[in-house]
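Novice: Below you will find the structure I want to go over with you.
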Amino acid sequence: MLRMEIGLFLVVAFVAYMFFSAEKERSSLHQTFSVLLVSVLLHLLLDGATVYTVHHLETVPPLFNDILHRLFLGSMAVVIFLFYQYIAILVQEATGKPRKLDLPARCFLYLALLGNFLLPITYTVTAQGNYSSGPYMAVPYVAVTFYLMLCAGLLLVNWKQLNHKMKSAISIALCIEFVVSVLQGLHHTWLISGMGITLMTLSFYLTLENPDSLRAELTEQKLSMLYLKSQVNPHFLYNTLDTIRIQAQLNGDRQVAGLLMRLVDFFRLSVKVDRPMVTLDDEIELLEAYLELMCCRYPELHCEYDIDPDLGGAQVPNFILQPIVENSLLHGLKNKGYRGDVTISAQRTGNGLMEICVRDTGSGFNPDKRAAVDALLASYAKQPPKLSGNSIGILNVQKRIKLLCGRAYGLSYTENEDGGVTAHILLPLKEETK
């Protein structure tokens with residue numbers, strides 16, 4: 001039996017090595033999974049130790065045996081709680097709903113640990129094997145039942161808002177733990193609780209935390225971005241060149257040279273696809289080139305910038321502002337004949353975050369469009385990368401922010417009291433490394 005615990009420990013240790021050696025943003029979800037992996041490893045060590053001591057009752061000091069068993073089952077309660085915590089954060093990031101069950105889940109954990117260390121413990125010796133028994137054994141079974149019910153409730157309530165991969169991972173993990181717990185309850189000498197926890201860990205790692213899967217998703221997003229940049233709106237190119245031609249007739253070569261330089265700047269900066277992250281200064285330089293051309297084309301379009309000068313070296317996902325500004329022009333100011341203002345601001349928000357806002361004085365959302373945009377941004381994980389159609393820019397911006405910066409960050413929209421809309425981009429504040 002001890003050989004199984006050793007095998008399970010080696011499997012989880014290999015998973016932990018792969019997970020911790022992979023480069024990824026440490027979001028709250030990934031941090032929770034990190035703590036979970038360490039806790040599972042500790043739990044499996046205690047599992048192996050108790051399997052040995054319970055079968056050597058005559059040689060192991062009773063007090064030492066009792067302490068090991070209480071630590072073992074206490075660690076089980078902690079691990080199951082962490083599984084709940086991981087699923088709760090996963091559901092929160094996918095749906096945007098606050099976690100309302102954290103307090104009762106944490107309080108129950110404290111009660112379970114208290115009962116685990118205070119309730120009487122005994123040992124049963126049989127021909128098939130020995131196992132711990134007594135009132136304290138109620139703790140793991142009640143804890144597993146309680147947290148499985150919480151997780152199942154989260155899954156069912158939010159079923160329609162979770163993508164297929166999330167639903168599959170959670171469902172498989174819960175079914176595994178339920179089956180293993182039932183078998184352990186029917187056959188006390190089997191001692192297979194570690195198997196259930198290991199398989200739960202694997203189900204989440206293979207479906208949601210696998211570095212290869214994350215890298216494949218990143219590659220898919222990068223290919224999507226490459227496609228988008230190679231398909232810059234031809235109307236923009238042709239109309240801008242026509243504007244340059246007209247200006248050449250009216251104003252002479254100096255202004256033509258300036259416009260051509262800005263056009264060259266725009267395309268030079270927009271093809272920097274080798275880096276997923278760039279400095280805010282680089283992103284603003286690209287945006288200035290684009291907007292200067294648009295303001296020349298539409299003289300009644302005005303642009304303003306309010307950028308914290310200390311944020312110039314902050315890292316942002318490449319090519320996220322131009323699609324947002326273009327969206328404001330095409331869907332907000334176009335209906336007003338491109339007469340109005342666009343203001344781009346970037347400020348610190350505290351707690352190591354920054355917010356970039358694109359505010360326009362356009363026609364704003366109609367009710368149906370606002371609901372559709374909110375739903376699109378909220379369900380970004382279930383949407384394939386769009387290569388054509390409406391909302392192509394904002395969906396791919398949302399996907400790349402979530403992928404490169406973490407699920408806690410992203411794009412959202414609010415309506416202005418005096419008309420128009422504001423796009424809010426929340427990002428972690430990270431400086432460029434020299």
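The values are calculated or read from the model by the stated rules, or taken from the named source; none is laboratory data. Computed from a predicted structure; not experimentally measured. When we count neighbours, we look across all protein chains shown, and the Cβ atoms used for this are built from the backbone with ideal geometry, even at glycine. To get the accessible areas, we keep the full protein, side chains included, count just its heavy atoms, and leave off ligands, DNA and RNA. Shrake-Rupley method; radii C 1.70, N 1.55, O 1.52, S 1.80 Å.
Novice: Can you report the number of residues in the stretch 171-187 which are free of Cβ contacts under 8 Å to residues at least 24 places away in the same chain and either surrounded by 20 or more Cβ atoms within 10 Å (Cβ to Cβ) or outside any helix (DSSP H, G or I) (or both)?
Specialist: Summing the residues that are free of Cβ contacts under 8 Å to residues at least 24 places away in the same chain and either surrounded by 20 or more Cβ atoms within 10 Å (Cβ to Cβ) or outside any helix (DSSP H, G or I) (or both) in the stretch 171-187 gives 3.
Novice: So which residues in the stretch 106-136 are in a helix (DSSP H, G or I) and touching a residue at least 40 places away in the same chain (Cβ under 8 Å)?
Specialist: Of everything in the stretch 106-136, those that are in a helix (DSSP H, G or I) and touching a residue at least 40 places away in the same chain (Cβ under 8 Å) turn out to be ASN116, PHE117, TYR136.
Novice: Sticking with this one: Within the group LEU101, LEU118, LEU111, which residue is over 19 Å from GLY48 (Cα atoms), in contact with a Leu (Cβ under 8 Å, 6 or more places away or on another chain) and among the hydrophobic types (A, V, I, L, M, F, W, C)?
Specialist: Selected residue: LEU101, the only one of LEU101, LEU118, LEU111 that is over 19 Å from GLY48 (Cα atoms), in contact with a Leu (Cβ under 8 Å, 6 or more places away or on another chain) and among the hydrophobic types (A, V, I, L, M, F, W, C).
Results for (1) closer than 22 Å to GLY196 by Cα; (2) in contact with a Gly (Cβ under 7 Å, 6 or more places away or on another chain); (3) among the aliphatic types (A, V, I, L, M), shown as yes or no for each residue.
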position: ALA112; (1), (2), (3): yes, no, yes
position: LEU118; (1), (2), (3): no, no, yes
position: ILE121; (1), (2), (3): no, yes, yes
position: THR124; (1), (2), (3): no, no, no
position: MET137; (1), (2), (3): yes, no, yes
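Novice: Can you say whether ALA143 is within 30 Å of LEU377 (Cβ to Cβ), in contact with a helix residue (DSSP H, G or I) (Cβ under 7 Å, 6 or more places away or on another chain) and either open to solvent by less than 70 Å² (accessible area, probe 1.4 Å) or in contact (Cβ under 8 Å) with a residue 40 or more places away in the chain (or both), as far as the supplied structure shows?
Specialist: The answer is no for ALA143.
Novice: Would it be correct to say that LEU403 is modelled with pLDDT of 90 or more, open to solvent by less than 60 Å² (accessible area, probe 1.4 Å) and more than 22 Å from PRO309 (Cα to Cα)?
Specialist: The answer is no for LEU403.
Novice: Only one of these conditions is not met by MET76: (1) in contact with a Pro (Cβ under 6 Å, 6 or more places away or on another chain); (2) loosely packed, with under 14 Cβ neighbours inside 10 Å. Which number is it?
Specialist: Evaluating MET76 over (1) in contact with a Pro (Cβ under 6 Å, 6 or more places away or on another chain); (2) loosely packed, with under 14 Cβ neighbours inside 10 Å leaves (2) as the failure.
Novice: So, one more: Filter the stretch 41-68 down to the residues that are of a type outside the set (D, E, K, R), open to solvent by less than 40 Å² (accessible area, probe 1.4 Å) and not in a loop (DSSP other than H, G, I, E, B) and list them by number.
Specialist: Those that are of a type outside the set (D, E, K, R), open to solvent by less than 40 Å² (accessible area, probe 1.4 Å) and not in a loop (DSSP other than H, G, I, E, B): LEU41, HIS43, LEU44, LEU46, GLY48, ALA49, THR50, VAL51, THR53, VAL54, ASN65, LEU68.
Novice: Mind checking whether some residue in the stretch 92-103 is open to solvent by less than 10 Å² (accessible area, probe 1.4 Å) and among the hydrophobic types (A, V, I, L, M, F, W, C)?
Specialist: No, there is no match, as no residue in the stretch 92-103 is open to solvent by less than 10 Å² (accessible area, probe 1.4 Å) and among the hydrophobic types (A, V, I, L, M, F, W, C).
Novice: Filter the stretch 5-40 down to the residues that are under 30 Å from GLY129 (Cβ atoms) and without any contact (Cβ under 8 Å) to a residue 12 or more places away in the chain, then identify the one that is most open to solvent (accessible area, probe 1.4 Å).
Specialist: Among them, the one singled out is PHE14.
Novice: Suppose we filter GLY332, GLY313 for residues that are closer than 20 Å to LEU427 by Cβ and either open to solvent by 40 Å² or more (accessible area, probe 1.4 Å) or touching an Asp or Glu at 6+ places or on another chain (Cβ under 8 Å) (or both); which single one remains?
Specialist: GLY313
Novice: Still on this structure: Filter the stretch 345-371 down to the residues that are without any contact (Cβ under 8 Å) to a residue 12 or more places away in the chain and of a type in the set (Gly, Ala, Ser), then identify the one that is least open to solvent (accessible area, probe 1.4 Å).
Specialist: Once the filter is applied, the top-ranked residue is GLY350.
Novice: Okay, next question. Filter the stretch 112-130 down to residues that are of a type in the set (A, V, I, L, M, F, W, C) and surrounded by fewer than 14 Cβ atoms within 10 Å (Cβ to Cβ) and give me whichever is farthest from LEU57 (Cα to Cα).
Specialist: Step one: filter the stretch 112-130 for residues of a type in the set (A, V, I, L, M, F, W, C), giving 112-114, 117-119, 121, 125, 127.
Restricting the remaining residues to those that are surrounded by fewer than 14 Cβ atoms within 10 Å (Cβ to Cβ) gives 114, 118, 125, 127.
Values: LEU114: 25, LEU118: 21, VAL125: 9, ALA127: 14 Å.
Ranking the candidates gives LEU114 first.
Novice: Okay, moving on. List, please: which pairs have Cβ atoms under 7 Å, are six or more places apart or on different chains, and start with a residue in the stretch 42-60 that is in contact (Cβ under 8 Å) with a residue 12 or more places away in the chain and end with one that is among the hydrophobic types (A, V, I, L, M, F, W, C) and open to solvent by less than 10 Å² (accessible area, probe 1.4 Å)?
Specialist: These pairs meet every condition: HIS43/VAL79; HIS43/ILE197; LEU44/VAL12.
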